[in-house]
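Enquirer: Shown below is the structure under consideration.
Where a number appears in this text, it was derived from the coordinates with a stated rule and is not lab data. No experiment lies behind these values; they were computed from the predicted model shown. Backbone-built Cβ (ideal geometry, glycine too); neighbour counts: all protein chains shown.
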Number of protein chains: 2
Amino acid sequence: MRSPNDTVPKTSVHSQRGQCAKRLSILDAAAEVFCRQGFAGASIDEIAAEACVSRQTVYNHYREKENLFTAVVEDVMDRANAMLFSILSTFPENPDNLEDDLAAFAVRLSRNCICNQDGKFLRRLVQSEGERYPHLFEAWRQHGPGKIGTALAALFARLAHKNLLQIDDFDLAARQFLALVNADLQMSTLFGAKPTEDELENAARNAVRTFLRAYAATTSSGSAPAILLAGR
Amino acid sequence: MRSPNDTVPKTSVHSQRGQCAKRLSILDAAAEVFCRQGFAGASIDEIAAEACVSRQTVYNHYREKENLFTAVVEDVMDRANAMLFSILSTFPENPDNLEDDLAAFAVRLSRNCICNQDGKFLRRLVQSEGERYPHLFEAWRQHGPGKIGTALAALFARLAHKNLLQIDDFDLAARQFLALVNADLQMSTLFGAKPTEDELENAARNAVRTFLRAYAATTSSGSAPAILLAGR
DNA sequence: GTAAAACTAGACACAGTTGTCTAAAACGTC
DNA sequence: GACGTTTTAGACAACTGTGTCTAGTTTTAC
């Protein structure tokens with residue numbers, strides 16, 4: 001896989017974001033350009049220019065376009081993954097107001113995992129190149145943001161165990177929660193425009209309200225919680 | 001816009017799917033290739049080959065690549081649009097079992113508008129080329145499947161008027177309904193694999209069940225309908 | 001300060017694409 | 001069968017992109 005004459009300095013730690021400023025700069029520029037133009041449309045010259053680096057330097061570090069592409073994908077996925085788990089850890093152990101806590105959580109999730117540059121990049125790339133690079137898709141699913149689903153499912157299982165939610169199928173609930181959060185953002189995210197903070201807030205509120213109407217634990221009397229039905 | 005020496009026969013009715021078999025064949029092949037490779041990655045040679053037509057014929061009909069691309073987009077959108085309205089018209093005026101009717105409706109919608117070749121093409125293209133061709137995105141929204149939302153909202157308004165649903169914001173409910181239907185299909189549709197008929201059925205059932213838990217009209221007693229809570 | 005490593009700029013061969021052009025072939029119609 | 005149109009196959013110029021090479025410059029490390 002790795003050619004012997006990679007002139008990459010001593011610090012050739014695979015694609016892990018390591019040391020060298022140029023390497024980093026190339027990675028970032030490449031992410032930008034690949035995202036804008038797709039794999040076929042992106043040219044090494046453009047990437048080099050955006051990274052303020054000579055074309056030869058790009059080739060020194062990444063040997064060929066294909067190689068650079070997979071390095072970028074790995075890098076973005078690593079970052080997205082770290083971000084995801086940092087956000088998951090913010091959910092309070094004992095939520096005192098489930099609706100507010102879930103909404104705040106949803107805002108963080110959509111702001112930092114879905115609507116940010118990395119989220120956009122991954123969505124676009126998996127969509128347009130996923131068929132051509134099946135391993136890309138698989139990586140996205142198992143090791144990248146595709147994991148959001150399983151992580152969320154675990155969170156919901158915890159909440160159900162505390163009798164705060166009433167859920168049969170945790171994975172399904174997780175998928176639906178994400179889908180609902182996305183429902184109001186799709187237009188923005190499809191187009192590429194970053195939604196405002198207000199839009200994020202609204203989208204989260206709408207999603208959580210509907211989600212809780214469907215999944216909030218019923219009170220002991222068996223009817224839906226008064227607070228949820230009251231607003232209608 | 002239109003060059004005077006378009007050698008297109010007498011039947012130059014813009015891009016409306018008209019007459020000439022070659023023209024049709026080119027349009028279909030181009031849709032296929034653009035979808036697979038994106039705009040930059042698709043070559044006229046490949047399109048011509050897939051259409052079983054000489055390259056020159058492609059140029060005779062569509063003058064240049066850009067032109068062919070927009071013709072394909074228009075064509076696919078027209079078809080998707082027609083399909084959407086044909087499906088909307090199948091929803092019964094007086095549903096006797098809302099859950100079943102909505103589920104059947106969701107199956108038809110996802111099979112024929114979301115998971116089919118045209119749906120895939122449009123999603124992929126809007127996603128990857130929407131930023132470069134803003135008019136494409138705008139067209140998709142106003143004149144293509146972006147309209148599903150408003151059409152659905154109208155349907156839900158009707159159902160709410162008949163006291164079958166209890167909805168504040170019809171547009172929101174429509175977006176959420178679509179999002180829920182997509183929730184289980186995203187993996188398949190992202191990857192490009194056609195889901196099986198069973199998967200469609202399941203996705204629709206899951207979506208409708210959650211949707212109705214959130215939006216079904218409460219019975220006169222004020223509690224959620226017994227049938228909906230019973231299953232849990 | 002010096003030597004090794006990293007970087008730059010430019011030229012280069014090669015391949016692929018777009019869009020044009022031409023002459024010959026196939027087609028449809030009267 | 002003859003005419004006009006459509007289609008084809010191939011050659012073509014212009015361009016763009018990839019990946020290599022070289023020679024010179026800058027940076028870094030000792």
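Enquirer: Give me B:S25, B:S110 sorted ascending by neighbouring Cβ count inside 10 Å, so fewest comes first.
Expert: Details: B:S25 15, B:S110 26.
Lowest count first: B:S25, B:S110.
Enquirer: Still on this structure, please answer the following. Under 5 Å between amide H atoms, partner at least 5 residues away or on a different chain: which partners does A:L165 have, H built in plane at 1.01 Å?
Expert: Those qualifying (amide H under 5 Å, at least 5 residues apart or on another chain) are A:A160, A:A217.
Enquirer: Can you work out the Karplus-derived ³J(HN,Hα) for every residue in the stretch B:111-117? Use 6.51 cos²θ - 1.76 cosθ + 1.60 with θ = phi - 60°, whole Hz, and x for glycine or proline.
Expert: Values, residue by residue: 5, 9, 10, 10, 8, 7, 4 Hz.
Enquirer: Report the label-to-label distance for B:D100 and A:S54 in nanometres (one decimal), using points 7 Å from each Cα along the Cα→Cβ vector.
Expert: It works out to 7.5 nm between the two label points.
Enquirer: Ordered by residue, what ³J(HN,Hα) values in Hz, to whole numbers, does the stretch B:163-172 give under the Karplus form 6.51 cos²θ - 1.76 cosθ + 1.60, where θ = phi - 60° and Gly and Pro are x?
Expert: Once rounded to whole Hz, the list reads 6, 8, 10, 10, 10, 7, 10, 5, 4, 4.
Enquirer: If you don't mind, there's one more thing I want to ask. Exceeding 25 Å between C-alpha atoms, which entries from my cross-link table qualify? They are A:K194/B:K194; A:K147/B:K147; A:K22/A:K65; A:K162/A:K194; A:K65/A:K194; B:K120/B:K162.
Expert: Working: A:K194/B:K194 31 Å; A:K147/B:K147 31 Å; A:K22/A:K65 17 Å; A:K162/A:K194 36 Å; A:K65/A:K194 29 Å; B:K120/B:K162 35 Å.
Violating the 25 Å Cα-Cα cut-off are A:K194/B:K194; A:K147/B:K147; A:K162/A:K194; A:K65/A:K194; B:K120/B:K162.
Enquirer: While we're on this one: Got a sec? Which residues in the stretch B:55-87 would a label at B:R158 touch, if it sits 7 Å along Cα→Cβ and we count backbone N under 14 Å?
Expert: In the stretch B:55-87, the label zone of B:R158 (backbone N under 14 Å from the point 7 Å along Cα→Cβ) covers B:85-87.
Enquirer: Still on this structure, I have one more. Using the Karplus equation 6.51 cos²θ - 1.76 cosθ + 1.60 (θ = phi - 60°), what ³J(HN,Hα) coupling, rounded to whole Hz, does each residue of the stretch A:28-44 give in order, writing x for Gly and Pro?
Expert: 5, 4, 5, 4, 4, 6, 4, 5, 5, 10, x, 5, 5, x, 7, 10, 4
Enquirer: Shape verdict for the stretch A:73-230, please, from the Cα gyration tensor: rounded (a/c under 1.5), prolate (a/b greater than b/c) or oblate. Present the calculation step by step, with values, prior to reporting the outcome.
Expert: Values: a/c = 2.17, a/b = 1.71, b/c = 1.27.
Prolate shape, in that a/c is at least 1.5 and a/b is the bigger ratio.
Enquirer: So, one more: Quote to one decimal, in nm, the extra length available between B:T150 and B:S43 on full extension: 0.36 nm per residue of separation minus the C-alpha distance between them. Walk me through the intermediate numbers first.
Expert: Working: separation 107, 0.36 × 107 = 38.52 nm, distance 3.65 nm.
Taking B:T150 through B:S43 to full extension adds about 34.9 nm, to one decimal.
Enquirer: Now, a different point. Ordered shortest first, which distances in nm separate the 7 Å Cα→C-beta label point of B:H161 from those of the other copies?
Expert: So the distances to the same position in the other copies read 5.0 nm.
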